[in-house]
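Below is one structure, written out as structure tokens; comments come after it.
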4 protein chains.
Amino acid sequence: MTTSLGDRDATTEWVLTLSCPDRPGIVHAVAGVLADHDGNITESQQFGDPASGLFFMRVQVEARAGRAELEAALSPVTEQFGMTWELDVVGRRLRTLVLVSKAPHCLVDLLYRERYQDMPVDVVGVVGNHADLADMAAFYGKPFHHVPVTAATKAAAEDRLRDLVAELDVELVVLARYMQILSDGLCRDLQGRVINIHHSFLPSFKGARPYAQAHDRGVKLIGATSHYVTGDLDEGPIIEQDVERVDHSRAVADLVALGEDVERRTLARAVRWHAEHRVLLDGHRTVVFR
Amino acid sequence: MTTSLGDRDATTEWVLTLSCPDRPGIVHAVAGVLADHDGNITESQQFGDPASGLFFMRVQVEARAGRAELEAALSPVTEQFGMTWELDVVGRRLRTLVLVSKAPHCLVDLLYRERYQDMPVDVVGVVGNHADLADMAAFYGKPFHHVPVTAATKAAAEDRLRDLVAELDVELVVLARYMQILSDGLCRDLQGRVINIHHSFLPSFKGARPYAQAHDRGVKLIGATSHYVTGDLDEGPIIEQDVERVDHSRAVADLVALGEDVERRTLARAVRWHAEHRVLLDGHRTVVFR
Amino acid sequence: MTTSLGDRDATTEWVLTLSCPDRPGIVHAVAGVLADHDGNITESQQFGDPASGLFFMRVQVEARAGRAELEAALSPVTEQFGMTWELDVVGRRLRTLVLVSKAPHCLVDLLYRERYQDMPVDVVGVVGNHADLADMAAFYGKPFHHVPVTAATKAAAEDRLRDLVAELDVELVVLARYMQILSDGLCRDLQGRVINIHHSFLPSFKGARPYAQAHDRGVKLIGATSHYVTGDLDEGPIIEQDVERVDHSRAVADLVALGEDVERRTLARAVRWHAEHRVLLDGHRTVVFR
Amino acid sequence: MTTSLGDRDATTEWVLTLSCPDRPGIVHAVAGVLADHDGNITESQQFGDPASGLFFMRVQVEARAGRAELEAALSPVTEQFGMTWELDVVGRRLRTLVLVSKAPHCLVDLLYRERYQDMPVDVVGVVGNHADLADMAAFYGKPFHHVPVTAATKAAAEDRLRDLVAELDVELVVLARYMQILSDGLCRDLQGRVINIHHSFLPSFKGARPYAQAHDRGVKLIGATSHYVTGDLDEGPIIEQDVERVDHSRAVADLVALGEDVERRTLARAVRWHAEHRVLLDGHRTVVFR
């Protein structure tokens, strides 16, 4: 996951994210390194979580220094404070694999935003357990991989996914209404790199057919939740949620159609924030520096 | 629950609500009765629920006819179609009893809206199992009844509630963050006449301390639900729901404070719509003609 | 604009919309005709506007009667009350022409919704004064007409538009971020059949570059307005408006990108409601029976 | 505007806000001072505005240092960078004067939030050009000053306001639907310390009777704007805006009632953010660190 982008002499805008146990002096130490390299901070946010005792920071900085130079300068500080950290170039596109089944709304939206709205992802492939969306992928110039999944082929299908992730140097996997459940092993291996959209306002209506459940319960708002995938289905850290108002006159099919709008915009925000390094993990919660 | 209001010769604006098994001719039959009395329909909504097979109607009509005359004219139609129905004068204030504990936000809002915003309720009393809000009730000129509840006195306290409902001719009971659970018997006796505000987006986070649960789960929206009370706690028909956006920086106490705003506006809408005869029961769902 | 759809013996679901001066008996008269044909009303809304003195009604009804039979039966009533009215089959797709320039977001969204979400439009062609979106139209199988507009060719371009409207039997024209101003004459001729999306919360920021104006003013919400086009630019009857929250950190380009989401969903709602016959004109205001 | 609060040996949580021309090293310099005093940063946000070339910072820090010590330590840095800055104790209540006329909704909400929701204001008095709200002020234990305004007495009334501001050591003046226009001179003298609520989504519907204007234009959303008052009426820097959905069935009186809810919550947010030192001026725009 290296990039030569930014490793040059001209000014580059860097984004640094970090977390560590909270104690005095963190901001000063980090800002000191940046100041030593004539870095100009353009945007910065910090947060100390009293519950977890962790401190989180995201800073965008313009500097002439290259990656190697900055990393070397930051290393002592990150070691001193026990930081988990990442340095990237602002706007670099994350190599992304999108998994789909038959429903087109999330895929359409992601590909549209990549092409037309500068969402910093580079969709390097689309995987479908059905072939319905192959033409959509083709229109946007994306390789489509048809990987059917049955009880008998599930293990082989996951191997194929692992191969694609490796071959394509994938940094992010997006489950864009992919209707298969990933195995625990795969979830663990890709921890923090898989984003799902759940068609409900979690923790309401977990599991199957949430819109039918919502209709039956007579709710007045339907929602969607985008979250990181962990082995614990529907329980990964939540990145974003949104809702849409409905009323008694809506049948289940109407809820599904209205829900598609909430799902696609909720997923699109989560993917964008992740790709912009705005989402940090705080145990099973997320810190989102919007 | 009789009223002489509208029983006069001048024009009155009536509101008629009804439900019955769906079949052709209902609207024509009802509109025929109204037309026969030179009624001028000013607002009307109908809905047929394919799931339950029931038809719902709410109509506001200006007419010179009095209650007795209208009821007599409507009776054959309501019998023919097997209707559940109600006729009231638009704007008549519903005799309302508000139950509270210590949290003031819902009570403050209801009393403010009654006095200043023409919400069609007449709060005939406030009952508190604590005395904290007695001064607030007094400021708005409302009798305050302190009815403490302990395990030992719970039955007696409910008797006191029943007495108050009877003595004060109460049509609607509002649980304005009343932290006691009503017995099944009382719920049944007051079925359809008790509105609760639950400090969560049901069916998420049922039961106790929902904001602590929401914080622990790291949700990005918190919500509130106003519903009719049935014996099945937190499961009565939902009238209205709303949400507020939160982020990682919010502690549980912040969620509680932000939640108060959602709770009071959600409850206020539910009470207003009920008092305006806009809420009809469709099994354990509601039809809300806004 | 005739259709044989529904002119058959089996049950058809009809949608009838009408407006007329308000007086007693309208609903009864209309419902009577429908009852005479064993029509089963599935959804109905009425509204009397005290300001304009007009009455509006939209009713969906299942009936075995064909168009000719229903129209003949309704005629005496519509004449008696001086009604403007329209009868259509529920779900019939409106023949629609979409006009675009370079911005793709609204076109992408409309074509997606037509294909995948059952929005009842049949986009019979896409006209662009630039050719940028020809490939998008082609992907969705839509004929693309490149009609460049310069000061010299404006009149000829409008003639081409008129021809297309006539040849393609167009019922609705959607200006999907079409950056040319239609002449007064064309606006008049297509009155009530042209829907525009304005990239601002009208009446704020009329005219050019509204996002730059909004940024300069430091607003905290940006919005979009979908309205019928009249000769009076930015002043036609409003169908739908929506907003998105922004903050100080957003540059003009960010507002534009965020605005695209508001624009496309606002336009999509307006087009859907129009195509479902939910929008009635009340002077320069609209009645929207959602 | 001095306070002894926090001038003690135990740990105090301070909030520091500053703005200055943007250049490298600001964060490092400020964080260095805080680190030198063992300050623990609990919350911090920075923003560099490319349009104005200004840098803004808000930092909350726990420290044992007192005010004098911190101010002395910060002075060299603030001079070096040409900073406008302010240091306060987190949660200190701002001495606030509320001006009202007859409408109660904003006053009720502010007093409720002060008493029950820990909004960090200390309402030291309520001024009304009418006496209608004297009882409300009294209930919350606030001195009410009846200062009628006519053409003849306007100058004297403003003198009375100036006296009250001086005598009561007022830091913030809130125009809570105060229907008199302050003179240019008073606006200038209190610049940055007066917050108004305008009953419209500015810049739509400036001036009088905005809800009647909104109804006439047939808008689908109504809004409110809270802004700092400058001599240029309805044109001061915007702090917060919000909207509420309306439809065709709403008369002007309904818009007014619905608008009251938007107004009070919009004003409450603006006052809270101001009192928490979250609002910084960036020319005629605001930076709001929420």
Just checking, does segment B:141-157 include any residue being within 22 Å of B:R265 (Cα to Cα) and basic (K, R)?
yes
What is the residue count in segment B:22-58 for residues that are under 19 Å from B:G82 (Cα atoms) and either more than 9 Å from chain C (Cβ to nearest Cβ) or assigned to a helix (DSSP H, G or I) (or both)?
16
All but one of (1) within 13 Å of chain A (Cβ to nearest Cβ); (2) crowded, with 17+ Cβ neighbours inside 10 Å; (3) farther than 21 Å from C:H248 by Cβ hold for D:R64; state the number of the condition that does not hold.
(2)
Residue list for segment B:150-174, restricted to those being within 19 Å of B:L107 (Cβ to Cβ) and not in a helix (DSSP H, G or I):
B:L168, B:V170, B:E171, B:L172, B:V173, B:V174
Selection count where residues are over 18 Å from the mean Cα position of the chain (by Cα) and either among the β-branched types (V, I, T) or more than 10 Å from chain C (Cβ to nearest Cβ) (or both), scope segment D:186-205:
0
Taking segment B:192-212 and keeping only residues that are charged (D, E, K, R) and either crowded, with 22+ Cβ neighbours inside 10 Å or touching a strand residue (DSSP E or B) at 6+ places or on another chain (Cβ under 7 Å) (or both), one is left with B:R193
Taking only pairs six or more apart or across chains, which ones have beta-carbon atoms under 9 Å, a first residue in segment D:201-213 that is under 15 Å from D:V262 (Cα atoms), and a second residue that is among the basic types (K, R)?
D:L202/C:R217
Being within 24 Å of A:V170 (Cα to Cα) and β-branched (V, I, T) is true for just one of A:T17, A:T42. Which residue is that?
A:T17
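If a residue counts only when it is farther than 23 Å from B:R115 by Cα and touching a residue at least 40 places away in the same chain (Cβ under 8 Å), which strands (runs of 3 or more DSSP E) contained entirely in segment D:72-149 have at least 3 such residues?
Numbers: elements: D:84-89, D:94-100, D:121-128, D:144-146.
Answer list for segment D:72-149: D:84-89, D:94-100, D:121-128.
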Please give the helices (runs of 4 or more DSSP H) falling wholly within segment A:179-290 in which 1 or more residues are under 30 Å from B:G283 (Cα atoms).
A:210-217, A:252-275
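Kindly indicate whether D:R278 is without any contact (Cβ under 8 Å) to a residue 60 or more places away in the chain and not β-branched (V, I, T).
In short, no.
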Determine, yes or no, whether B:H215 is touching a strand residue (DSSP E or B) at 6+ places or on another chain (Cβ under 6 Å), buried (at least 16 other Cβ atoms within 10 Å of the Cβ) and not small (G, A, S).
no
Of the residues in segment A:275-290, those that are closer than 20 Å to A:S44 by Cα, at the interface with chain B (Cβ under 10 Å from one of its Cβ atoms) and among the charged types (D, E, K, R) come to A:D282, A:R290
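Of all residues in segment C:240-251, which are of a type in the set (A, V, I, L, M) and more than 9 Å from every other protein chain (Cβ to nearest Cβ)? Before you say what the answer is, go through the steps one by one.
Step one: list which residues in segment C:240-251 are of a type in the set (A, V, I, L, M), which gives C:243, C:246, C:251.
C:V246, the sole residue that qualifies.
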Residue among B:G82, B:G32 that alone is of a type outside the set (S, T, Y), over 29 Å from C:F56 (Cβ atoms) and surrounded by fewer than 22 Cβ atoms within 10 Å (Cβ to Cβ):
B:G82
Could you go through segment C:115-122 and let me know if any residue there is farther than 30 Å from A:A253 by Cβ and either at pLDDT below 95 or not small (G, A, S) (or both).
no
Residues (more than 8 Å from every other protein chain (Cβ to nearest Cβ), crowded, with 22+ Cβ neighbours inside 10 Å and of a type in the set (G, A, S)) located in segment C:221-239:
C:A224, C:S226, C:G236
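When you check A:D109 against the structure, is it in contact with a helix residue (DSSP H, G or I) (Cβ under 9 Å, 6 or more places away or on another chain), within 12 Å of chain C (Cβ to nearest Cβ) and under 28 Å from A:A10 (Cβ atoms), yes or no?
Details: in contact with a helix residue (DSSP H, G or I) (Cβ under 9 Å, 6 or more places away or on another chain): yes; within 12 Å of chain C (Cβ to nearest Cβ): yes; under 28 Å from A:A10 (Cβ atoms): no.
For A:D109, the condition - in contact with a helix residue (DSSP H, G or I) (Cβ under 9 Å, 6 or more places away or on another chain), within 12 Å of chain C (Cβ to nearest Cβ) and under 28 Å from A:A10 (Cβ atoms) - is not met.
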Restricting attention to segment C:255-274, report how many residues are farther than 15 Å from C:I197 by Cβ and more than 10 Å from every other protein chain (Cβ to nearest Cβ).
1
Need pairs with beta-carbon distance below 6 Å; first residue without any contact (Cβ under 8 Å) to a residue 12 or more places away in the chain and within segment D:240-269, second in a strand (DSSP E or B) and crowded, with 20+ Cβ neighbours inside 10 Å; sequence gap 6+ or separate chains.
D:S249/C:F47
How many of the residues making up segment D:136-173 are farther than 20 Å from D:G91 by Cα and in contact with a helix residue (DSSP H, G or I) (Cβ under 8 Å, 6 or more places away or on another chain)?
15
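The values are calculated or read from the model by the stated rules, or taken from the named source; none is laboratory data. The model shown is predicted, which means the values in this text are computed figures rather than measured ones. All Cβ positions, even for glycine, are placed from backbone atoms using ideal geometry, and neighbour counts span all protein chains on display.
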